[in-house]
Amino acid sequence: MARPEGYVSIFRDEGPPMRDLLRSAVAAGIGGAYAGRLLATFDAPSPSPAPPPGSASLVEPLTPRELEILRLIAAGMQNQDIANHLVISLATVKRHIANAYGKLDVNHRTAAVARLNELHLL
């Protein structure tokens, strides 16, 4: 479920137990290239601490779909309108928004749009 979104930190944050589980999965041929990529992050140097809010970078990049939805929000569209426009469910729109809010370290639409402007993503 995490592969389409490219999540990495959620696995890495689990530490050595997750590393060991991923090693077993890779050895058994489970998880394919994604499991191998996740495992490789444990061998890479630890990432720098998260930048303070308002800095010009993100700890985890926005996916193309998250960015698309955020741009539609910035254009003034409501969640149901976005779902209709993209031909996806309302729940999927809300999930993408929640994920993007976490990556942007914001809690509401106006803060997300302001953060996107700050990052020159609009």
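Each reported figure results from applying straightforward, stated rules to the coordinates on display, with no laboratory input. These numbers were taken from a predicted model, which means no experiment stands behind them. Cβ placement follows ideal geometry from the backbone for every residue including glycine, while neighbour counts extend to all protein chains displayed.
Things worth noting here:
- Panel order for VAL87, VAL93, by other beta carbons found within 10 Å of each beta carbon, from fewest to most: VAL87, VAL93.
- Couplings 3J(HN,Hα) for the stretch 23-39, derived from phi with the Karplus relation 6.51 cos²θ - 1.76 cosθ + 1.60 (θ = phi - 60°), are 4, 5, 5, 5, 4, 8, x, 9, x, x, 5, 5, 4, x, 5, 4, 4 Hz, where x marks Gly and Pro.
- Taken along the Cα-to-beta-carbon direction at a fixed 7 Å, the label points for LEU58 and ALA33 span 2.2 nm.
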